[in-house]
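**Q** To start, I am sharing the structure in question, which I have written as structure tokens.
The values are calculated or read from the model by the stated rules, or taken from the named source; none is laboratory data. Just so you know, these numbers come straight off a predicted model, no measurement behind them. Note that we place each Cβ from the backbone using ideal geometry, even for glycine, and neighbour counts take in every protein chain shown. Only protein heavy atoms, including side chains, enter the accessible area calculation; ligands, DNA and RNA are left aside. Shrake-Rupley method; radii C 1.70, N 1.55, O 1.52, S 1.80 Å.
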Amino acid sequence: MKRVREQVRALHRLEPANNDHLAALRVALSVAVPSLLLLAAGRTDLIIYAVFGALTGMYGRSEPHQLRLRHQAQAALVLLTGVAVGVALSVNHIHSWWLVAVEATLAGVGSVYSDRVRLKPNGPFFGILALGACASVPAQVPWYAAMLIACGSALFSIAIGFSGWMRRRTWEPGATRTVPPRSAAGTRELALHAARYVLAVAAAGTVGVASGSGHPHWAMAAAAVPLAGADLPSSVRRGVHRIVGTFLGLAVTAVVLLPGPWTLAALYPAFQEPVHQAQVLALLVVLFQFATELFMTRHYGLAMVWFTPVILLMTQLASPAEPRILILDRAVETLVGALMGILVVVAVRRPGSRRRTGFPGLPAVRPALFRFPRRPGH
């Protein structure tokens with residue numbers, strides 16, 4: 001029971017700070033500049049592409065500049081691929097079951113690539129999130145314009161991440177990111193782990209589409225979250241953090257979007273006007289992204305409290321919808337997706353894991369349905 005309590009305490013443990021404010025400032029600046037330029041141009045509907053490009057700045061936060069440069073370039077490939085595929089699906093009006101198939105496939109490919117180059121944050125989550133989000137909103141500009149915005153934003157993020165080198169001008173000859181050597185066993189492990197992503201994302205998307213939800217891509221993105229954990233306890237914690245953090249984030253979103261005496265509309269009457277509303281939402285996206293990065297490595301659940309409104313607000317800017325339906329869909333799809341991801345983590349295990357569930361102190365359970373090779377810790 002003592003070790004069970006340790007796992008419960010780990011759910012709300014806040015990890016030590018590690019210059020998080022500097023990383024958060026870099027990401028916020030990466031999001032702010034292209035977003036404010038689009039705001040000045042009166043095209044807040046295109047901020048969604050700028051934000052996904054700017055998320056490149058989330059990677060390599062604690063690495064030396066030359067390694068961060070390479071890390072962020074690798075991450076940009078994942079993010080921009082997601083945006084490109086999502087825009088292509090949107091332009092061609094491809095949704096529903098095709099979206100599930102394409103996103104599940106990209107999740108598997110992205111998992112192999114992310115594990116191969118050791119991206120941090122782990123896994124292809126942000127790439128498949130970009131795919132689903134961009135596919136779900138109507139393309140208001142030609143595909144190449146959307147990609148130019150995303151690419152320009154990603155390049156600006158990389159420049160911000162490397163800008164500190166101009167002050168220090170230090171370079172470590174021969175420095176490289178730690179990547180495991182290629183081997184037959186390692187390749188097999190990557191492929192099998194990717195299969196878990198395909199299974200979880202496809203299953204969540206299937207449930208989302210079958211239920212008639214307007215946003216099945218949110219379920220697919222949520223299903224990928226637990227798979228980034230290094231072991232079973234951390235995977236389940238990530239799933240729980242995703243659910244609880246999203247629900248709290250939806251409360252923040254409700255204060256911003258819903259009408260009522262307790263919301264932003266009552267405190268700021270001009271918010272009722274579409275032009276002012278777009279301006280406020282654009283500024284809040286930047287502010288909430290700063291808060292997201294501030295907690296991303298310290299407590300995933302707290303990060304989700306702020307990242308949830310980022311996603312919903314820029315979705316609302318790109319394609320306005322009834323806020324109550326938007327919030328309800330996000331809640332249901334996140335719950336379905338995270339539970340599906342946890343189910344896959346529990347059901348599909350790795351060799352060498354004990355007969356019990358992986359939570360010390362709990363009674364033994366039946367062996368997992370499948371066992372994958374143990375993946376090196378991230």
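**Q** Determine whether Ala50 is modelled with pLDDT of 95 or more, open to solvent by less than 60 Å² (accessible area, probe 1.4 Å), touching a Ser or Thr at 6+ places or on another chain (Cβ under 7 Å) and over 18 Å from Ser163 (Cβ atoms).
**A** Working: modelled with pLDDT of 95 or more: yes; open to solvent by less than 60 Å² (accessible area, probe 1.4 Å): yes; touching a Ser or Thr at 6+ places or on another chain (Cβ under 7 Å): yes; over 18 Å from Ser163 (Cβ atoms): yes.
Considered against the rule, which asks whether it is modelled with pLDDT of 95 or more, open to solvent by less than 60 Å² (accessible area, probe 1.4 Å), touching a Ser or Thr at 6+ places or on another chain (Cβ under 7 Å) and over 18 Å from Ser163 (Cβ atoms), Ala50 comes out as yes.
**Q** Let me ask something additional. Does region 311-336 hold any residues that are of a type in the set (Val, Ile, Thr) and touching a Phe, Trp or Tyr at 6+ places or on another chain (Cβ under 7 Å), and which are they? Before the answer, list the steps.
**A** Of region 311-336, the ones of a type in the set (Val, Ile, Thr) are 311, 315, 325, 327, 332, 334, 336.
Within region 311-336, just Thr334 meets the criteria.
**Q** Mind counting the residues in region 214-232 that are out of contact with any Lys or Arg (no Cβ under 8 Å at 6 or more places or on another chain) and buried (at least 19 other Cβ atoms within 10 Å of the Cβ)?
**A** 7
**Q** Identify the residue in region 60-73 that is touching a Ser or Thr at 6+ places or on another chain (Cβ under 9 Å) and crowded, with 22+ Cβ neighbours inside 10 Å and, among all such residues, is farthest from Tyr113 (Cα to Cα).
**A** Among those residues, the one meeting the criterion is Arg61.
This table checks each residue for (1) of a type in the set (A, V, I, L, M, F, W, C); (2) within 23 Å of Ala222 (Cα to Cα); (3) touching a Gly at 6+ places or on another chain (Cβ under 9 Å).
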residue: Arg61; (1), (2), (3): no, no, yes
residue: Arg70; (1), (2), (3): no, no, yes
residue: Ala84; (1), (2), (3): yes, yes, no
residue: Asn92; (1), (2), (3): no, no, no
residue: Trp98; (1), (2), (3): yes, yes, no
residue: Glu103; (1), (2), (3): no, yes, yes
residue: Gly110; (1), (2), (3): no, yes, yes
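**Q** Evaluate the following for Ala200: is it over 30 Å from Leu284 (Cβ atoms) and either touching a residue at least 12 places away in the same chain (Cβ under 8 Å) or within 20 Å of the chain's Cα centre (by Cα) (or both)?
**A** On the way: over 30 Å from Leu284 (Cβ atoms): yes; either touching a residue at least 12 places away in the same chain (Cβ under 8 Å) or within 20 Å of the chain's Cα centre (by Cα) (or both): yes.
It is true that Ala200 is over 30 Å from Leu284 (Cβ atoms) and either touching a residue at least 12 places away in the same chain (Cβ under 8 Å) or within 20 Å of the chain's Cα centre (by Cα) (or both).
**Q** Another question, if that's okay. Out of the residues in region 111-120 meeting the condition of being open to solvent by 10 Å² or more (accessible area, probe 1.4 Å) and in contact (Cβ under 8 Å) with a residue 60 or more places away in the chain, tell me which one is nearest to Phe307 (Cα to Cα).
**A** Step one: filter region 111-120 for residues open to solvent by 10 Å² or more (accessible area, probe 1.4 Å), giving 112-113, 116-118, 120.
Next cut, in contact (Cβ under 8 Å) with a residue 60 or more places away in the chain only: 112, 116-118, 120.
Values: Val112: 25, Arg116: 27, Val117: 25, Arg118: 23, Lys120: 17 Å.
The qualifying residue nearest to Phe307 (Cα to Cα) is Lys120.
**Q** (1) closer than 19 Å to Trp165 by Cβ; (2) open to solvent by less than 10 Å² (accessible area, probe 1.4 Å); (3) out of contact with any Asp or Glu (no Cβ under 7 Å at 6 or more places or on another chain): which one isn't true of Val27, the others all being true?
**A** For Val27, the exception is condition (3).
**Q** To continue, here is another question. Considering only region 140-164, state which residues are under 16 Å from Leu67 (Cα atoms) and open to solvent by 50 Å² or more (accessible area, probe 1.4 Å).
**A** Leu155, Ala159, Ser163
**Q** Now a separate question. Which condition breaks for Leu99 when tested against (1) surrounded by 22 or more Cβ atoms within 10 Å (Cβ to Cβ); (2) closer than 25 Å to Tyr300 by Cβ; (3) of a type outside the set (Val, Ile, Thr)?
**A** In the conditions (1) surrounded by 22 or more Cβ atoms within 10 Å (Cβ to Cβ); (2) closer than 25 Å to Tyr300 by Cβ; (3) of a type outside the set (Val, Ile, Thr), Leu99 misses (2) alone.
**Q** Are there any pairs with C-beta distances below 7 angstrom linking a residue in region 31-45 that is in contact (Cβ under 8 Å) with a residue 60 or more places away in the chain to a residue that is among the hydroxyl-bearing types (Ser, Thr, Tyr) and in a helix (DSSP H, G or I), with the two at least 6 apart or on different chains, and if so which?
**A** Pairs that qualify, where the first residue is in contact (Cβ under 8 Å) with a residue 60 or more places away in the chain and the partner is among the hydroxyl-bearing types (Ser, Thr, Tyr) and in a helix (DSSP H, G or I), are Pro34/Ser153; Leu38/Thr44.
**Q** Then there is this: Pull out all pairs, ordered by first then second residue, where Cβ-Cβ is under 7 Å, the residues are six or more apart or on different chains, the first lies in region 121-139 and is farther than 13 Å from Leu80 by Cα and open to solvent by 10 Å² or more (accessible area, probe 1.4 Å), and the second is among the polar types (S, T, N, Q) and in a helix (DSSP H, G or I).
**A** Between residues of region 121-139 that are farther than 13 Å from Leu80 by Cα and open to solvent by 10 Å² or more (accessible area, probe 1.4 Å) and residues that are among the polar types (S, T, N, Q) and in a helix (DSSP H, G or I), the close pairs are Asn122/Ser114; Pro138/Ser90; Ala139/Ser90.
**Q** Regarding Val236, is this residue over 15 Å from the mean Cα position of the chain (by Cα), among the hydrophobic types (A, V, I, L, M, F, W, C) and buried (at least 18 other Cβ atoms within 10 Å of the Cβ)?
**A** Numbers: over 15 Å from the mean Cα position of the chain (by Cα): yes; among the hydrophobic types (A, V, I, L, M, F, W, C): yes; buried (at least 18 other Cβ atoms within 10 Å of the Cβ): yes.
The answer is yes for Val236.
**Q** For region 284-330, enumerate the residues that are over 15 Å from His215 (Cα atoms), open to solvent by 50 Å² or more (accessible area, probe 1.4 Å) and not in a helix (DSSP H, G or I).
**A** Matches in region 284-330: Thr297, Arg298.
**Q** Output the qualifying pairs, or none if there are none: Cβ atoms under 7 angstrom, residues six or more apart or on different chains, first residue in region 178-191 and surrounded by 10 or more Cβ atoms within 10 Å (Cβ to Cβ) and at pLDDT 80 or above, second residue assigned to a loop (DSSP other than H, G, I, E, B) and polar (S, T, N, Q).
**A** Listed by first residue and then by second, the contacts come to nothing, as the list is empty.
**Q** Would you confirm, using the coordinates I've provided, whether Gly249 is surrounded by 18 or more Cβ atoms within 10 Å (Cβ to Cβ), over 29 Å from Ile94 (Cα atoms), of a type outside the set (S, T, N, Q) and at pLDDT 95 or above?
**A** Yes; evaluated as a whole, the condition is true for this residue.
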